[in-house]
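Let me begin by presenting the structure, written as structure tokens, before commenting on it.
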């Protein structure tokens, strides 16, 4: 069952925003997304929140300045996703930019399949073997839960600086410094900073500290703002909440990409993705650039992705980007096979009448790849509107351990549900972590059926018909004059994403023609109905991953975009949902 409703907004606020000079359509969209005053429209860098409010940021910057002055070896320990990779590149580039050219600054990214997540003791042991041995370990996008790893670092004579944005556990690690907006007692107003955003803030504070020490002036200081293209990528790819502060970071990063002043690696990623950097959008970062970088961490080693982001050679960057593109194609093939197998299994359940009785999905297969389980879980969650957990063997087909990744729906806190399972059946889950919408866990292969039963019971208790109802929130109907490429370009210029959703419009259409593309995507010729629309010439619509045809008239939810092909621009509707009510 699906429901469709328009996102509410204040007409008074929309009028106020429009009178301040904002386009009427954007005024309505922004008002519906919580922008209350015209002065909130500015995304200038000067509007960023101050590092002074980020707990320990200033004192940690002073510590880093001392380390650079003493030229003591440092090792950046990264996470293996896009946020971790960009945060690592920002850390290494930024500290070298700020005077660390003679300081040994290395990086290390754990293998997700053999070392697990974060600064584990195994990662610390590996860090201690680097030459020269680092005196300081700097975590980026991880570390806030790494008590054992920090303790091991102390045993081996190394200090740890934690930069992270994840929620802490009951106890903080005994690091020499922790910078994390979500740590207890941090007054920083934006809790939505991604890991790369935290590292950028630390660099801004470090530059101010070095200015205070007389190493730079405001006129000749290094431009850490040049790293904002990487900050934008990591923020969007990590699906961070786009509050105003994050929108400022992303907006200014996109400006650099559009102006052709991005890092060589970023330019190379746009090239292999066949995207025009001059028209770069947050959508590009989230759905074209981010997945290619993430593919390295999912199937291979994120070291490849970080090397790309650190490269200043266009020739080297394009070679590395092409390899990432190849790995991403491999990832898509693996994902497609896993998804088909999962859907076939669920289809058998439907035939048996069990699927529609379930409030959750749990699947595993001995041939599945643990690097892609999260993506497949996300696809299943989207298709069935049920929390989904997908498992794969931890260390090959013969492994006795399964590693799973879950994705949830609104109203069902996945990590809390796993906590319920672990308390009801101690030892059933070997380890787990995550948040409301995504989580990871490990179980024994022999315990899969029991886990499925206990997790399903928790889902039955926490979910109801209202939460399981698929809700489509849209931004109303477009006027006849708004179905054009100017509207598409206007929308593409803005910063949309998590917490500031991309506009979805709604309307009734006459379906003039429909056919299949590549046997799996629906291509449409359609005319809007009402308000004089029907006399207009047909518009092109595309509904990805849909093969079922539509009736002669249909109420549709869609995104409006400008499609550019062979130098010609045309408006296109990207269909999201069909209102059958």
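Each reported figure results from applying straightforward, stated rules to the coordinates on display, with no laboratory input. Model, not experiment: these values are computed from the prediction. We place every Cβ from the backbone using ideal geometry, glycine too, and count neighbours over all the protein chains shown.
In terms of its C-alpha gyration tensor, the range 253-302 comes out prolate, because a/c is 1.5 or above and the ratio a/b outweighs b/c.
Nearest 5 percent is fine: what portion of the DSSP beta bridges confined to the range 472-579 is antiparallel? List each step's numbers first, then the result.
Numbers: 31 of 34 bridges.
Around 90 percent of the beta bridges assigned by DSSP in the range 472-579 are antiparallel ones.
According to the calculation over all Cα-Cα pairs in the chain, the P(r) per 20 Å bin from zero is 19, 53, 27, 2 %. I want to make sure I understand the PRE zone here: with the label point 7 angstrom from the Cα of residue 401 toward its beta carbon, which residues in the range 74-90 have backbone N atoms less than 18 Å away? Only 80 pass the distance filter. Once the chain from residue 135 to residue 40 is taken as fully extended at 0.36 nm per residue, the excess over their C-alpha distance is 29.9 nm.
Remark: spin-label model distance residue 15-residue 340 equals 5.8 nm, labels positioned 7 Å along the Cα→Cβ axis. When only Cα pairs below 8 angstrom with a gap of at least 6 residues are kept, the chain shows a relative contact order of 11 percent. In the range 47-324, Cα pairs under 8 Å separated by at least six residues give a relative contact order of 21 percent. Here the ratio of the Cα radius of gyration of the range 358-468 to 2.2 N^0.38 Å is 0.97.
For the range 47-324, the gyration tensor built on C-alpha atoms gives a rounded shape. Its axis ratio a/c (a ≥ b ≥ c) stays under 1.5.
Each residue in 170, 44 was given a count of other beta-carbon atoms within 10 angstrom of its own, and listing them fewest first yields 170, 44. Over all directions, the projected convex hull of the C-alpha atoms in the range 50-207 averages 8.2 nm² in area. Over the chain, DSSP H runs of length four or greater, each weighted -39,500 (n - 2.57), average out per residue to a 222 nm ellipticity of -12000 deg cm²/dmol.
Rg of the Cα atoms in the range 472-579, relative to 2.2 N^0.38 Å, amounts to 1.03. Using only the Cα atoms of the range 28-121, build the gyration tensor, take square roots of its eigenvalues as a ≥ b ≥ c, and label the shape rounded, prolate or oblate: rounded if a/c is under 1.5, else prolate if a/b is larger than b/c, else oblate. Because a/c hits 1.5 or more and a/b fails to exceed b/c, the range 28-121 counts as oblate. From the alpha carbon centroid of the range 426-440 to that of the range 48-100 is 30 Å. Mean sequence separation of contacting Cα pairs (under 8 Å, at least six apart), scaled by the length of the range 358-468, corresponds to a relative contact order of 25 percent.
Here the range 358-468 carries DSSP beta bridges of which approximately 80% are antiparallel, counting only pairs with both residues inside.
In this simple spin-label model, placing a label point 7 Å from the Cα along the Cα-to-Cβ direction at both residue 563 and residue 279 gives a separation of 1.2 nm. Gain on full extension, evaluated as 0.36 nm per residue between residue 382 and residue 512 minus their Cα-Cα distance, stands at 44.0 nm.
For the pair residue 59 and residue 3, what calculated FRET efficiency results from E = 1/(1 + (r/R0)^6), where r is the Cβ-Cβ distance and R0 = 45 Å, to the nearest 0.05? Please report the intermediate quantities before stating the final value.
Details: r = 50 Å, r/R0 = 1.12.
So the FRET efficiency works out to roughly 0.35.
Distance from the alpha carbon centroid of the range 189-216 to that of the range 103-172 works out to 21 angstrom.
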